[in-house]
Amino acid sequence: MISVEEALDKVLSHVDVLEAEDELILDSMGQVLAEDIYSTIDIPGMDNTAMDGYAVQAESTVGATHSSPNILRVIGEVAAGYLTKEEVTPGTAIRIMTGAPIPTGADAVVQFEDTDEEKRKANNEPLTEIGVFREVRVGLNIRQAGEDITSGSLVLSKGTLLRPQEIGVLASLGRDVVPVHRRPLVAILSTGDELLDVGKPLEVGKIYSSNTYSLAAQATRCGAVPKILGIARDNMKSLKEKIREARDADLLITSAGVSVGDYDVVKDVLAEQGEVTFWTVRMKPGKPLAFGMLQLGKKAVPHLGLPGNPVSSMITFEQFARPAIFKMLGRKISDKPTIRARSESYIKNRDGRRVFARVKVRQEEGEYYASLVGPQGSGILTSMALANGLMIVPEDVPAVNVGDEVVVQMLDWEQEL
Ligand code: AMP
Ligand code: MG
């Protein structure tokens with residue numbers, strides 16, 4: 001048996017960051033920049049107003065008060081997206097909307113609320129003049145050209161993970177595509193004579209292949225593109241045929257067929273077509289695990305053989321496939337987020353493996369509490385649906401008692417925890 005860390009190291013040593021390609025910014029979320037991004041423009045491009053109001057010379061407001069406003073002559077109006085030819089001079093103002101460029105001559109913007117505009121409108125007076133209620137300083141309400149980004153500067157560095165905000169920044173630079181490490185194509189193959197695909201009538205003795213879909217959804221969630229290969233039967237011929245369809249994949253994930261049952265042929269195919277790296281990991285659920293490089297034509301494709309039990313396959317995916325996908329995406333390998341919580345359950349760890357127990361974490365007065373979500377059988381997939389975290393019981397801890405402090409690996413990071 002090998003440890004979770006040893007197994008992970010072995011998997012990671014066989015995958016590498018994928019090449020760069022141009023991706024539409026809209027599709028690039030969760031991908032990683034393959035190049036530094038410099039700006040060719042200033043943002044904002046010109047001084048502009050942060051408020052709706054009147055562009056003035058600050059000088060023209062000296063001495064203004066609410067009871068004795070300074071009256072300025074309104075010589076024009078400018079909306080966002082337009083320029084005005086008018087020039088602001090002492091004693092004049094230009095009505096201006098948020099985002100509009102500051103007219104020549106103006107050095108401040110008085111917001112509407114600091115003028116008598118509302119009163120004039122209520123009295124049906126034309127806005128040929130405006131009363132200013134207060135003194136303003138030079139620069140008030142003006143956004144400076146280049147205050148966000150200056151032309152020529154480095155805006156986002158190679159290696160940056162693209163989140164909605166980075167995508168917004170790229171759009172503000174006018175870019176529609178961006179160089180990122182491409183998404184791995186992850187082939188997903190279920191194995192077993194008992195399996196049926198969804199949408200078909202159930203037959204006696206058969207089960208629907210839930211792994212196909214939970215694994216594909218997990219792959220999608222961590223940024224890969226799943227390629228569903230369907231179901232291979234428990235014989236070498238069927239499996240080899242299906243595996244051939246993984247030729248163009250960056251990673252092949254199979255489920256089932258790695259334990260000691262008579263019909264567990266994944267191991268045999270692996271042994272025939274590739275080099276087996278390991279079989280058993282000191283963890284629960286998910287002990288039987290296969291990893292190797294499959295030679296498919298000219299290409300060697302890393303193959304991760306997950307256990308068949310639906311909970312085991314999901315948990316081993318999170319521990320091994322997700323980091324591998326992250327590495328291919330160029331993401332810094334980060335563990336899943338963990339929290340410290342108090343256990344509200346008693347959990348026994350009989351055989352010195354690392355237990356990943358399905359728990360529901362809740363928060364109360366700043367403390368986290370984790371309780372088992374019910375039966376922990378590795379075939380009980382609804383327990384995953386009830387859980388938001390995996391409590392980690394270390395190999396050398398024989399039992400967790402109620403009240404013990406534990407580490408929980410979060411499956412989801414819910415706001416309403
Ligand atoms: P095995 O690894 O083949 O011994 O399978 C272990 C358990 O997982 C068995 O109960 C299988 O029926 C079940 N199983 C295998 N593949 C899937 C699948 N794709 N979806 C749901 N359950 C599966
Ligand atoms: Mg089987």
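Here are the numbers:
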read-out	value
Some residue of segment 199-206 being touching a residue at least 12 places away in the same chain (Cβ under 8 Å) and within 16 Å of ligand 2 (Cβ to nearest atom)	yes
Failed item, numbered, when GLU241 is tested on (1) part of a loop (DSSP other than H, G, I, E, B); (2) open to solvent by 20 Å² or more (accessible area, probe 1.4 Å); (3) more than 12 Å from LEU185 (Cβ to Cβ)	(1)
Restricting segment 329-365 to residues that are touching a residue at least 12 places away in the same chain (Cβ under 8 Å) and polar (S, T, N, Q), the residue that is surrounded by the most Cβ atoms within 10 Å (Cβ to Cβ)	SER343
Counted residues, segment 312-347 - those being out of contact with any Leu (no Cβ under 6 Å at 6 or more places or on another chain) and under 30 Å from GLU364 (Cβ atoms)	18
Test for THR61: is it open to solvent by less than 60 Å² (accessible area, probe 1.4 Å), of a type outside the set (Asp, Glu), closer than 21 Å to ARG137 by Cβ and in contact with a Ser or Thr (Cβ under 7 Å, 6 or more places away or on another chain)	no
Odd one out for GLY81 among (1) in contact with a helix residue (DSSP H, G or I) (Cβ under 9 Å, 6 or more places away or on another chain); (2) assigned to a loop (DSSP other than H, G, I, E, B); (3) open to solvent by 40 Å² or more (accessible area, probe 1.4 Å); (4) of a type outside the set (A, V, I, L, M)	(1)
Counted residues, segment 93-114 - those being assigned to a strand (DSSP E or B), surrounded by fewer than 23 Cβ atoms within 10 Å (Cβ to Cβ) and more than 41 Å from the chain's Cα centre (by Cα)	1
Test: residue in segment 203-225 that is part of a strand (DSSP E or B), of a type outside the set (Phe, Trp, Tyr) and more than 14 Å from ligand 1 (Cβ to nearest atom)	yes
Count of residues meeting criterion [within 13 Å of GLY223 (Cβ to Cβ) and either among the charged types (D, E, K, R) or open to solvent by 60 Å² or more (accessible area, probe 1.4 Å) (or both)] in segment 16-34	4
Boolean, LYS200 is in a helix (DSSP H, G or I), farther than 26 Å from ALA324 by Cβ and open to solvent by 40 Å² or more (accessible area, probe 1.4 Å)	no
Residues of segment 225-238 satisfying the condition of being among the aliphatic types (A, V, I, L, M) and open to solvent by 20 Å² or more (accessible area, probe 1.4 Å)	VAL225, ILE228, ILE231, MET236
Residue that is surrounded by the most Cβ atoms within 10 Å (Cβ to Cβ), among those in segment 207-224 that are without any contact (Cβ under 8 Å) to a residue 60 or more places away in the chain and over 22 Å from VAL15 (Cα atoms)	SER209
Residue count for segment 152-202, restricted to those that are polar (S, T, N, Q) and within 16 Å of ligand 1 (Cβ to nearest atom)	2
Within segment 244-267, tally of residues that are more than 16 Å from ligand 1 (Cβ to nearest atom), aliphatic (A, V, I, L, M) and not in a loop (DSSP other than H, G, I, E, B)	1
Test: LEU270 is buried (at least 17 other Cβ atoms within 10 Å of the Cβ) and more than 16 Å from ligand 1 (Cβ to nearest atom)	no
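Condition check ((1) closer than 21 Å to LEU251 by Cβ; (2) among the polar types (S, T, N, Q)) across all residues:
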site: SER312; (1), (2): yes, yes
site: PHE320; (1), (2): yes, no
site: ALA370; (1), (2): no, no
site: GLN376; (1), (2): no, yes
site: LEU386; (1), (2): no, no
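The values are calculated or read from the model by the stated rules, or taken from the named source; none is laboratory data. From a predicted model like this one, the values you see are computed outputs, not experimental measurements. Neighbour counts are summed over all protein chains in view; Cβ atoms, including those assigned to glycine, are modelled from backbone coordinates with ideal geometry. When the accessible area is computed, the model is the full protein with side chains, heavy atoms only, and any ligands, DNA or RNA have been set aside. Shrake-Rupley method; radii C 1.70, N 1.55, O 1.52, S 1.80 Å.
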